[in-house]
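A.B. asks: The structure follows.
Any read-out appearing in this document is the output of simple, stated calculations on the displayed coordinates, not a laboratory observation. Since we're looking at a predicted model, the values are computed, not measured. Don't worry about glycine lacking a Cβ; one is built from the backbone with ideal geometry, like all the others, and counts go over all protein chains shown.
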Amino acid sequence: MGEIKEAMELEYEIVPNDFDSAGEASSNLKRILKQLGINSKIVRKIAVASYEAEINVIIHSLGGNMNVIISAEKIEVKFKDNGPGIDDIDLAMTEGFSTATDDVREMGFGAGMGLPNIKRCTDDLKIFSSKEGTILEMIFNM
Amino acid sequence: MNQYFHSVVLDEEKCMGCTNCMQKCPMEAIRVKNRKAIIDKERCIDCGECIKVCPYHAQKSVTDDIDIISDFKYKVALMPITVFGQFEDNTRIDKIFEATKKLGFDFVYDEAVFADIASIMIKNLLKKQKIEGPVISSHCPAVIRLIQSQFPDLIENLLNIESTVEIAGRLIRRELKEKYQCTDDDIGIIYISPCTARVTSIKRPLGIHYSALNGAVSFKKIYGDIVRNLKSSNNYGSYRKGNLKGTRWAFIGGQSEAIDIDKYVAVDGIFNVVDVLEAVEMGKLDNIKYIEASACIGGCVGGPLNIENPYIAISRFKHMELLNHGNLKYNYYEIDKLLRSGFMHWDKEIVPTEILTLDTNIVEAMKKLEKIEKILKKLPGLDCGSCGAPSCRSFAEDIAKGRAKIEDCKFI
């Protein structure tokens, strides 16, 4: 008798440059994780990583979405956007490096710690990027 | 003490079922059924918001009567830091203490003294300890309970030092036992409380097995007695009073100033505290060293058992005359020794209540969550409260848990 694999999928749209709703997708995800009784240390890591990624999509992209698959073994969080892409992924992963505009920095964002923070929180991180858009795939093991 | 002791309770006779309290509860712990409010004891954190907002005074606090210490040999009153702001401008604080003593106490102590001591300890501890992310003040019992229920991952950020009230209780006992060669059973200490959550923290503490205090009397209940005693006599003794910095713990921001820390956030009002704690979880406050969080707006002066408007009280603190606070020189070495001995630490783990979790089994929890989302789609999204739940989402949860029927919604 095979194992019954139960999984839950969530999807949230992220609007570019919309600071009214900034953080709502990751907040909603956090609330759901708490309702599911996920270990609080894991919840914290997912909260930090998804918040950073969501803000990146809002600040740097033309819009995108957050897709989450939750199962008993792991949680996969995928961020996908519509461009303009990351020129140099390695450079982007360097602490302190930021391409944020002055307006954005004035709001307190753009410190250049987003991607390094995300990497620190995830068990596995894959980044794919081209001019058409960027995909961030994060895995958190239970 | 009863596992579910709460200091906030409902007087059913006065309750009109108006839903004001239900909408104001930060834990969504209140439901209105058959025109009566019901508080869910598992969710309630005793913050007293419902008490403040109830127009019919049906939400009340359970507190002790002063005579619970009538059998003790040494009867002690611990006066709250907020007390100075409760009386007419620059009423001599020694007179207030004397007027309280006349209610049947042998000794009257000022909580502000212990706020001075706590300030020194916290300042030292913050220098030594390396906690990741901001340290969260453990002074407000409602905030600790909020974290225990809604932000369990932040329990480890809580400052592991007891509150000023417990510090006071322990040091007062030590002092009296030495001076009078007596035992703990001889000493009865009551806190004159401006705060419902503090009453709960004395009767059903977190982080320690039992409180150093014997009980808590509502300041509001004895205010009239104190005023009458103030008017009836002009004699008063001289009491040991906290320094200016200690007295300022009474309002929001005062604690952070007293511990002399750069990079802090001082937040008041339970919903604002929720917002700040959400931000901590997101990693937005990693550069902040200390968070002073108070469930009540204005800080402790905003507690539900106070008499005075919090802003008026704050202005009195800001214009305090010299003779109303102390100028004590504290022995920093002794205090540091006390800190390092663990005398002020918690000795019991704070366990999350898991009140938000739908089921301990993740697969079952996912099924329940999907059920909730399905129900939610059928609801109008008005958050009107007519069903007796504070929001459509909480109503959907109640239905999924079998505590409500979808027919209770007036708009379907």
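A.B. asks: Can you tell me the relative contact order of chain B? Whole percent, Cα pairs under 8 Å, sequence separation 6 or more.
C.D. replies: 21 percent
A.B. asks: So, one more: Given Cα pairs under 8 Å that are at least 6 residues apart, what percent is the relative contact order of the range B:1-61? Don't skip to the answer; put the middle values down first.
C.D. replies: Working: 97 pairs, mean separation 26.5, N = 61.
In percent, rounded to a whole number, it is 43.
A.B. asks: Then there is this: Could you tell me the center-to-center distance, by alpha carbons, between the range B:25-85 and the range B:112-185 in angstrom?
C.D. replies: 22 Å
A.B. asks: Another question, then. Tell me, what ³J(HN,Hα) does each residue in the range B:256-262 have, in order and in whole Hz, if you take phi through Karplus 6.51 cos²θ - 1.76 cosθ + 1.60 with θ = phi - 60° and put x for Gly and Pro?
C.D. replies: 5, 5, 5, 8, 6, 10, 8
A.B. asks: Which semi-axes, in whole Å and largest first, does the equivalent ellipsoid of the range B:360-412 have when worked out from the alpha carbon gyration tensor as the square roots of 5 times its eigenvalues?
C.D. replies: Ellipsoid half-lengths, sorted descending, are 21, 10, 9 Å.
A.B. asks: Also: Please tell me which of these pairs span more than 24 angstrom C-alpha to C-alpha: A:74/B:405; B:41/B:289; B:52/B:220; B:36/B:401; B:378/B:405; A:41/A:119?
C.D. replies: A:74/B:405; B:41/B:289
A.B. asks: Which log10 I(q)/I(0) values, to two decimals, does the protein assembly as shown give at q = 0.06, 0.11 Å⁻¹ under the Debye formula with one point per Cα?
C.D. replies: -0.35, -1.05
A.B. asks: Taking chain B as a Gaussian network, where each spring joins two C-alpha atoms under 10 Å apart, which residue of B:345, B:325, B:209 fluctuates the most?
C.D. replies: B:209
A.B. asks: Please find the FRET efficiency linking residue B:34 to residue B:208, where r is the Cβ-Cβ separation and R0 is fixed at 35 Å, and quote it to the nearest 0.05.
C.D. replies: Working from the Cβ atoms, E equals 0.35.
A.B. asks: Work out how far the C-alpha atoms of chain B reach from end to end along every principal axis, then list the three figures in whole Å, largest first.
C.D. replies: 68, 49, 41
A.B. asks: Given N residues in the range B:1-65, what is its alpha carbon radius of gyration divided by 2.2 N^0.38 Å?
C.D. replies: Cα Rg divided by the expected 2.2 N^0.38 Å: 1.02.
A.B. asks: Measuring from a point 7 Å past the Cα of residue B:238 along Cα-to-C-beta, which residues in the range B:82-107 have an amide N at less than 15 Å?
C.D. replies: Backbone N within reach: B:93-95.
A.B. asks: Would any residue of the range B:61-104 have its amide N under 18 Å from a label point 7 Å out along Cα→Cβ of residue B:257? List them or say none.
C.D. replies: B:81-86, B:90
A.B. asks: To make sure I understand, if each residue's beta carbon is the centre and we count other beta carbons within 10 Å, what order do B:249, B:346 fall in, fewest to most?
C.D. replies: B:346, B:249
A.B. asks: Continuing with the same structure: Report the Cα centroid-to-centroid distance between the range B:257-319 and the range B:344-410 in angstrom, as an integer.
C.D. replies: The range B:257-319 and the range B:344-410 have Cα centres spaced 29 Å from each other.
A.B. asks: Can you give the Rg to Rh ratio of chain A, both from alpha-carbon atoms, with Rh computed by the Kirkwood formula?
C.D. replies: Values: Rg = 15.1 Å, Rh = 15.4 Å.
A ratio of 0.98.
A.B. asks: Neighbour counts of other C-beta atoms within 10 Å: give me A:142, A:66 arranged from fewest to most. Can you show the working numbers first?
C.D. replies: Details: A:142 13, A:66 23.
Ordered by Cβ neighbours within 10 Å, fewest first: A:142, A:66.
A.B. asks: For helix B:164-180, report the angle its Cα long axis makes with the longest principal axis of the Cα atoms of chain B; keep it between 0 and 90° and round to the nearest 10°.
C.D. replies: With rounding to tens, the tilt is 40 degrees.
A.B. asks: Can you put B:282, A:107, B:79 in order of Cβ neighbours within 10 angstrom, beginning with the fewest?
C.D. replies: With the fewest neighbours first, B:282, A:107, B:79 line up as A:107, B:282, B:79.
A.B. asks: Give me the extension gain from residue B:386 to residue B:106: residue separation times 0.36 nm, minus the current Cα-Cα distance, reported in nm with one decimal.
C.D. replies: Using 0.36 nm per residue and subtracting the Cα-Cα distance, I get 95.5 nm.
A.B. asks: Taking the 0 to 90 degree range and rounding to the nearest ten, how far is the long axis of helix B:141-150 tilted relative to the main principal axis of chain B, both from C-alpha atoms?
C.D. replies: Approximately 30 degrees, to the nearest ten.
A.B. asks: With the cut-off at 28 Å, tell me which of the pairs A:30/B:371; B:24/B:368; B:24/B:348; A:45/B:128 have Cα atoms farther apart than that.
C.D. replies: B:24/B:348
A.B. asks: Can you list residues whose amide H is under 5 Å from residue B:193's amide H, if they're 5+ apart or on another chain and H is modeled 1.01 Å from N?
C.D. replies: Under 5 Å from the amide H of residue B:193: B:217, B:218, B:219.
A.B. asks: For residue B:4 and residue B:272, compute 0.36 nm times the residue count separating them, minus their Cα-Cα distance, and round to one decimal in nm.
C.D. replies: Extra length from residue B:4 to residue B:272 when fully extended: 93.8 nm.
A.B. asks: A further question follows. In vacuo Debye scattering of the range B:178-244, one point per C-alpha: log10 I(q)/I(0) at q = 0.12, 0.16 Å⁻¹?
C.D. replies: Taking Cα atoms of the range B:178-244 as identical point scatterers yields -0.50, -0.84.
A.B. asks: If you take the square roots of the eigenvalues of the alpha-carbon gyration tensor of the range A:94-141 and sort them as a ≥ b ≥ c, do you get rounded (a/c under 1.5), prolate (a/b over b/c) or oblate?
C.D. replies: oblate
A.B. asks: Run the quick spin-label model on residue B:321 and residue A:21: label points 7 Å from Cα toward the beta carbon, then report their separation in nm to one decimal.
C.D. replies: Result: 6.0 nm between the two label points.
A.B. asks: Restricting to Cα pairs below 8 Å that are 6+ residues apart, what does the relative contact order work out to for chain A? Please round to a whole percent.
C.D. replies: Working: 262 pairs, mean separation 37.8, N = 142.
Relative contact order of chain A: 27 percent.
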